[in-house]
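The values are calculated or read from the model by the stated rules, or taken from the named source; none is laboratory data. Computed from a prediction, not measured in an experiment: that's the story for all the values here. Every residue, glycine as well, gets a Cβ built from its backbone with ideal geometry; the counts of neighbours run over all protein chains shown.
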Amino acid sequence: DTGVSQDPRHKITKRGQNVTFRCDPISEHNRLYWYRQTLGQGPEFLTYFQNEAQLEKSRLLSDRFSAERPKGSFSTLEIQRTEQGDSAMYLCASSSQGYTEAFFGQGTRLTVV
Amino acid sequence: GQNIDQPTEMTATEGAIVQINCTYQTSGFNGLFWYQQHAGEAPTFLSYNVLDGLEEKGRFSSFLSRSKGYSYLLLKELQMKDSASYLCAGSKAAGNKLTFGGGTRVLVKP
C-alpha cells in the first residue's frame, strides 16, 4: 500500500466551472477526512466519513461543496460554480478505528482563475 | 471555542534546540497532535499526547498539560531538514477530526 493518494495533484479552472477531486485512502482505513489549507495556514476541517456514512460537515462547506464515499473506499469532493476564494490545497486523510494517527495525502492544489 | 494558538515563525541554528508552544481552550480537546509539514507536501504525524507529561521520540519530544491547555514540541539537535511548518492540532477523541492551529514555520540556519 502506497498510502493516501489524491488525484489530480494540481487543477486550474475558470471561475464558475465545476471540479471534482478524488481520494483513495489506505485500504483498511474506515475513516476518511477532507481538509482545506490556504497558504501559511493550518488545515481546516471540511467533512468526515466513517465507511460510507458522512458523519460530520463543517459550516465552511457551503452548498456548492459535496462529498461522497459511495462504497466506503475512495471518496470524491466536488465543488460547483467555483469561486476565486476556493483556491486552496485540498487534503484528504484516512485513519483506522482504534488508532490515533491520521495519514494525509499529498493534496490537490486548486487554482481558480 | 476551540482556538489553537501557536507562534507564526521561529528561527534557530543547526544543532540547537527549539521549543514550539501551543495553547488551546481546555474544554475543547482530549488529546493534542503535532504534525510536520514541509512546503508543498502532506502533513506527517510526529506525536500524540492524551495524558499529561512528556513523550520522547528520538530528537523530538512533546509535552501536554491538559489543565493549563498547553503543549509544546521540542526539537533537539536541529538539522537543516527540520526546516518546515509544525502544526499543533486538537482532537476530542482518537480518530475524530483534527482542529489545527495556524502552524509554526521553523527556519534552521547553518
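Selection of the range A:94-113 for residues being farther than 27 Å from A:R15 by Cα, part of a strand (DSSP E or B) and either over 11 Å from the mean Cα position of the chain (by Cα) or aliphatic (A, V, I, L, M) (or both) yields A:S95, A:F103.
From B:S67, B:S27, B:S61, which residue is in a loop (DSSP other than H, G, I, E, B), more than 24 Å from A:Y48 (Cα to Cα) and not aromatic (F, W, Y)?
Details: B:S27 fails: more than 24 Å from A:Y48 (Cα to Cα); B:S61 fails: in a loop (DSSP other than H, G, I, E, B).
From the options B:S67, B:S27, B:S61, the qualifying one is B:S67.
Note on the range B:27-83: among residues that are of a type in the set (D, E) and under 29 Å from A:Q6 (Cα atoms), the one that is surrounded by the most Cβ atoms within 10 Å (Cβ to Cβ) is B:D82. Determine whether A:S75 is more than 17 Å from A:V113 (Cβ to Cβ) and buried (at least 16 other Cβ atoms within 10 Å of the Cβ). In short, yes.
Find the residue count for the range A:8-35, including only residues that are of a type outside the set (S, T, Y) and assigned to a strand (DSSP E or B).
Step one: of the range A:8-35, the residues of a type outside the set (S, T, Y) are A:8-12, A:14-19, A:21-26, A:28-32, A:34.
Filter again for assigned to a strand (DSSP E or B), leaving A:10-12, A:19, A:21-24, A:31-32, A:34.
So the answer is 11.
For A:A88, the conditions (1) away from chain B (no Cβ under 14 Å); (2) modelled with pLDDT of 95 or more all hold with the exception of (1).
Number of residues in the range A:36-55 that are closer than 22 Å to A:R81 by Cβ, more than 8 Å from chain B (Cβ to nearest Cβ) and assigned to a strand (DSSP E or B): the value is 5. In the range A:56-85, what residues are over 11 Å from the mean Cα position of the chain (by Cα) and either within 9 Å of chain B (Cβ to nearest Cβ) or touching a residue at least 60 places away in the same chain (Cβ under 8 Å) (or both)? A:E56, A:S58, A:Q80, A:R81, A:T82, A:E83, A:Q84, listed by residue number. Go through the range B:72-110 and give me each residue that's part of a loop (DSSP other than H, G, I, E, B) and within 14 Å of another protein chain (Cβ to nearest Cβ). Across the range B:72-110, the qualifying residues are B:K92, B:A93, B:A94, B:G95, B:N96, B:K97, B:L98, B:G101, B:G102, B:G103.
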